[in-house]
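Rule-based calculations on the coordinates, nothing more; no lab input. What you see is a predicted model; the values in this text were computed from it and never measured. Glycine gets a Cβ as well: all are built from the backbone with ideal geometry, and neighbour counts include every protein chain shown.
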Amino acid sequence: MSAAPALFPYEGPAALREPIIAALSRVVDPEVSMSIVDVGLVYGVSVDDRAVHLRITMTSAACPVAELIIGDAELELDKVVPPDLQIRAELVWEPPWTADRMSAKAKWIMGW
């Protein structure tokens, strides 16, 4: 059985990997009507004994829905992680987002 390609870097308990991927895949970027995972906005997730750390970006610094997307990501993660873990989302700009980060599915939908 071959492993699925990494959607974004993940460090933490193996048991949380799939639930976290599923949770973030339910978060939609309303400007393009696709999941933030497919758009390539998730730069990484790490889980330690106190928190889930989400590194996320936007397609541009002028994104009018950044707070909405981050809030939705936190809400979805809250549904799948143990209640004793805090959720910490960090908006990052490095490296800058490019269309190369999009999944093959997203590129196909966008006609790229």
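The table below lists the values:
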quantity: Crossing angle, helix 14-25 versus the chain [Cα axis fit, 0-90 degrees, rounded to tens]; calculated: 40 degrees
quantity: Only Lys, Arg (+1) and Asp, Glu (-1) charged, at Cβ; the chain dipole about Cα centre in debye; calculated: 320 debye
quantity: Angle in degrees between helix 66-80 and the longest Cα principal axis of the chain, rounded to the nearest 10; calculated: 40 degrees
quantity: The chain - mean residue ellipticity at 222 nm from DSSP helices (-39,500 (n - 2.57) per run, n ≥ 4, rounded to 500); calculated: -10000 deg cm²/dmol
quantity: Positive minus negative residues near Phe8 (Lys, Arg vs Asp, Glu; Cβ under 12 Å); calculated: +1
quantity: Fraction in percent of alpha-carbon pairs per bin - 5 Å, segment 10-110; calculated: 2, 13, 25, 26, 18, 10, 4, 1
quantity: Length released on extending from Met110 to Ile87, taking residue separation times 0.36 nm less the Cα-Cα span; calculated: 5.2 nm
quantity: Unit charges at the beta carbon, dipole of segment 62-108: most positive-side option, Leu75, Ala99, Ala62; calculated: Ala99
quantity: Net charge of Cβ neighbours under 14 Å - reference Val65; Lys, Arg +1; Asp, Glu -1; calculated: -4
quantity: In nm, spacing of pseudo-spin labels at Thr98 and Arg50 (7 Å Cα→C-beta vector); calculated: 3.6 nm
